Amino acid sequence: MASLSTWCRYIRHKLEYSFSLSWKSYKRGLISDRELYDTVWKNVFQGKLTYLHWNKGEAMAPTIGEQASTLLVRKIPIADPTRVFLGDVIVLKDPDNSENHLVRRLAATEGYEMVSKDEKDEPFVLEKDQCWVLADNDKLKPKSLQHAEGFFAVGNRAGC
């Protein structure tokens, strides 16, 4: 049985996630003022904080096997430095197909200066709500590895 402090942390996280999810729906006009409160409580009691993600491919090998594997993904309400850390393995929506997801390692977040090995490329700073991700498999060439690295809007993340 989990301790009381563990249950309190879980309930707090669940409330925070439910409120964040409901607030986003409210701001987009998907729910009304009256539905906001009900949606928060519905998410608290019926929503899930984790989900299983089936991953296939060699982009994250050897960390995650090349064969198909299942990952337990933790949902987070807001991607901020207190919840997501450099080096974390994260799940992102594929920028080319929002139905698909990519598993990558978080390498940099907003405010980091990115400098290329190629002197022709200008350095740039990641803006607010941007992150830089990498694949763990160094053996793959960029052309054979779709979205091996690059920056994404933080809103594209699916979980950490």
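Data for the structure
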quantity: Contour minus Cα-Cα distance for Tyr112 and Tyr26 (0.36 nm per residue); calculated: 27.8 nm
quantity: Unsatisfied cross-links (Cα-Cα over 22 Å) in the set Lys93/Lys139; Lys56/Lys117; Lys24/Lys48; calculated: Lys93/Lys139; Lys56/Lys117
quantity: Degrees between helix 4-27 axis and first principal axis of the chain (Cα, 0 to 90, nearest 10); calculated: 80 degrees
quantity: Distance in nm between pseudo-label sites at Trp54 and Thr70 (7 Å out along the Cβ direction from Cα); calculated: 1.0 nm
quantity: Computed helical MRE - 222 nm, the chain, DSSP H runs ≥ 4 contributing -39500 (n - 2.57), nearest 500; calculated: -8000 deg cm²/dmol
quantity: The chain - share of DSSP beta bridges that are antiparallel (%, nearest 5); calculated: 100 percent
quantity: Residues whose placed amide H lies under 5 Å from that of Asp94, excluding near-sequence neighbours; calculated: Asn100, His101, Leu102
quantity: Matching label, P(r) over Cα pairs in 5 Å bins from 0, in percent computed from the structure shown, candidates (i) 1, 8, 14, 17, 18, 15, 12, 8, 4, 2, 1, 0; (ii) 1, 8, 14, 15, 14, 11, 10, 9, 8, 6, 3, 1, 0, 0; (iii) 2, 8, 16, 19, 17, 12, 8, 5, 4, 3, 2, 2, 1, 1, 0, 0; calculated: (i)
quantity: Rotationally averaged projected area of the range 4-46 (alpha carbon convex hull; nm²); calculated: 2.8 nm²
quantity: Fully extended contour minus Cα-Cα distance, from Asp138 to Cys8, at 0.36 nm per residue; calculated: 42.6 nm
quantity: Computed magnitude of the charge dipole of the chain (debye, nearest 20; Cβ of K, R +1, Cβ of D, E -1); calculated: 780 debye
quantity: HN-Hα J in Hz across the range 69-75 - Karplus 6.51, -1.76, 1.60, θ = phi - 60°, x for Gly and Pro; calculated: 9, 10, 10, 8, 10, 8, 7
quantity: Degrees separating the helix 33-46 axis from the principal Cα axis of the chain, which is the longest one; calculated: 80 degrees
quantity: Sequence ranges 109-116, 11-18, ranked by mean other-Cβ count within 10 angstrom, highest first; calculated: 11-18, 109-116
quantity: Among Gly111, Val133, Asn43 - extreme Cα towards positive end, dipole of the chain, charges at beta-carbon; calculated: Asn43
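Only the coordinates and a few stated rules stand behind these numbers; no lab work does. The model shown is predicted, which means the values in this text are computed figures rather than measured ones. Here the Cβ is made from the backbone with ideal geometry for all residues, glycine too, and neighbour counts use every protein chain on show.
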